[in-house]
Amino acid sequence: QVQLVESGGGLVQGGGSLSLSCVASPSILNFRTMAWYRQAPGKQRELVAKIARGGETNYADSVKGRFTISRDNPKNTVYLQMNSLKPEDTAVYYCNAAVSPQWDWGQGTQVTVSS
């Protein structure tokens, strides 16, 4: 059973930066296009960024130019570097496969951006 563990969230002032990590065990994410998602209170979960096995990336318009997704396949880890954070980026951030079949969702990591 795949377990996804997200970390790196926290409280930051607007304009600040955070770096999120997602580790998968067992090592299976190497073979999948991976994505970061977020869910704000009262809203549906949305895809923020995705990265293919070979490194090709795509971003939601709302984060383009501010967020960078990357992956380290030998370490079974996907990263999300978030710069120029805005209060509207406040959400719980999750990682998972970009398309079905997806694994069970992890607990996510809370990102709170103050104005």
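The values are calculated or read from the model by the stated rules, or taken from the named source; none is laboratory data. Note that this is a predicted model, so its numbers are computed, not measured. Cβ placement follows ideal geometry from the backbone for every residue including glycine, while neighbour counts extend to all protein chains displayed. The area values use the complete protein model at the heavy-atom level, side chains included, leaving out ligands, DNA and RNA. Shrake-Rupley method; radii C 1.70, N 1.55, O 1.52, S 1.80 Å.
Descriptive notes on the structure:
- If you filter the stretch 59-115 down to residues that are among the aliphatic types (A, V, I, L, M), open to solvent by 10 Å² or more (accessible area, probe 1.4 Å) and in a loop (DSSP other than H, G, I, E, B), you find that the one that is nearest to residue 49 (Cα to Cα) is 60.
- In the stretch 2-16, the residue that is nearest to the chain's Cα centre (by Cα) out of those that are part of a loop (DSSP other than H, G, I, E, B) and at negative phi is 9.
- Flag if residue 33 is among the polar types (S, T, N, Q), within 13 Å of the chain's Cα centre (by Cα) and open to solvent by 60 Å² or more (accessible area, probe 1.4 Å): no
- The set of residues in the stretch 49-58 that are of a type outside the set (D, E, K, R) and part of a loop (DSSP other than H, G, I, E, B) comprises 52, 54, 55.
- Total residues in the stretch 36-58, condition open to solvent by less than 20 Å² (accessible area, probe 1.4 Å) and in contact (Cβ under 8 Å) with a residue 60 or more places away in the chain: 1
- Of all residues in the stretch 1-30 being among the polar types (S, T, N, Q) and at pLDDT below 95, the one that is most open to solvent (accessible area, probe 1.4 Å): 1
- Identity of the residue in the stretch 77-115, over 14 Å from the mean Cα position of the chain (by Cα) and modelled with pLDDT under 95, that ends up farthest from residue 28 (Cα to Cα): 115
- Cβ-Cβ contacts under 8 Å between residues 6 or more apart (or on different chains), taken from a first residue in the stretch 71-98 that is farther than 21 Å from residue 10 by Cα and of a type in the set (S, T, N, Q) to a second residue that is open to solvent by less than 50 Å² (accessible area, probe 1.4 Å) and assigned to a strand (DSSP E or B), are listed as 76/24.
- Per the listing 49, 40, 60, the residue uniquely hydrophobic (A, V, I, L, M, F, W, C) and closer than 13 Å to residue 78 by Cβ is 49.
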